[in-house]
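Colleague: Structure in structure tokens, see below.
The values are calculated or read from the model by the stated rules, or taken from the named source; none is laboratory data. Model, not experiment: these values are computed from the prediction. Because the Cβ atoms are built from the backbone with ideal geometry, glycine has one as well, and the counts that use them run over all protein chains shown.
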Amino acid sequence: MNIIRIFAGIAIFILGLYAGRTAIAGLGSGEIMQLSKHGSAILHKALEPSRFWIAIVFLTIASVMLIGGGINMIRKNL
């Protein structure tokens, strides 16, 4: 059963890396995908600054939580 939890921890860790990469790429380009399926698909820093920064902060917090949770899950099940 521990091997399944280790693989789940690795998957969670990879999701955290993806969220972090998305946030960093959004900061670099000034564009980020909207987190909701309603409205325009891409948020631009110049056109919608408050929504852009909310998406960046959300992805950063999610990245930290997922990476930390994945590492913790892997460490506890080794």
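Colleague: State the number of residues belonging to the stretch 34-56 that are surrounded by 13 or more Cβ atoms within 10 Å (Cβ to Cβ) and in contact with a helix residue (DSSP H, G or I) (Cβ under 8 Å, 6 or more places away or on another chain).
Modeller: In the first step, residues of the stretch 34-56 are kept if they are surrounded by 13 or more Cβ atoms within 10 Å (Cβ to Cβ); the result is 34, 42-45, 48, 51-56.
Next, only the ones that are in contact with a helix residue (DSSP H, G or I) (Cβ under 8 Å, 6 or more places away or on another chain) stay: 34, 43-45, 52, 55-56.
Residues that pass the stated criteria total 7.
Colleague: Tally the residues that are touching a Lys or Arg at 6+ places or on another chain (Cβ under 9 Å) and either touching a residue at least 40 places away in the same chain (Cβ under 8 Å) or part of a helix (DSSP H, G or I) (or both), restricting the search to the stretch 3-36.
Modeller: Here the count works out to 5.
Colleague: Taking into account only those residues within the stretch 20-36 that are at pLDDT 90 or above and small (Gly, Ala, Ser), which is nearest to ILE3 (Cα to Cα)?
Modeller: If we take residues in the stretch 20-36 being at pLDDT 90 or above and small (Gly, Ala, Ser), then GLY20 is nearest to ILE3 (Cα to Cα).
Colleague: Working only within the stretch 37-78, note down all residues that are among the basic types (Lys, Arg), part of a helix (DSSP H, G or I) and farther than 30 Å from ILE4 by Cα. So that I can check it myself, show each step before the final result.
Modeller: As a first pass, look at the stretch 37-78 and keep what is among the basic types (Lys, Arg): 37, 45, 51, 75-76.
Of the ones still in play, those that are also part of a helix (DSSP H, G or I) are 51, 75-76.
Across the stretch 37-78, the qualifying residue is only ARG51.
Colleague: Being hydroxyl-bearing (Ser, Thr, Tyr) and more than 12 Å from the chain's Cα centre (by Cα), is that true of even one residue in the stretch 50-63? Break it down stepwise before answering.
Modeller: First, pick out the residues of the stretch 50-63 that are hydroxyl-bearing (Ser, Thr, Tyr): 50, 60, 63.
In the following step, the residues that additionally are more than 12 Å from the chain's Cα centre (by Cα) were identified as 50.
Looking through the stretch 50-63, at least one residue is hydroxyl-bearing (Ser, Thr, Tyr) and more than 12 Å from the chain's Cα centre (by Cα).
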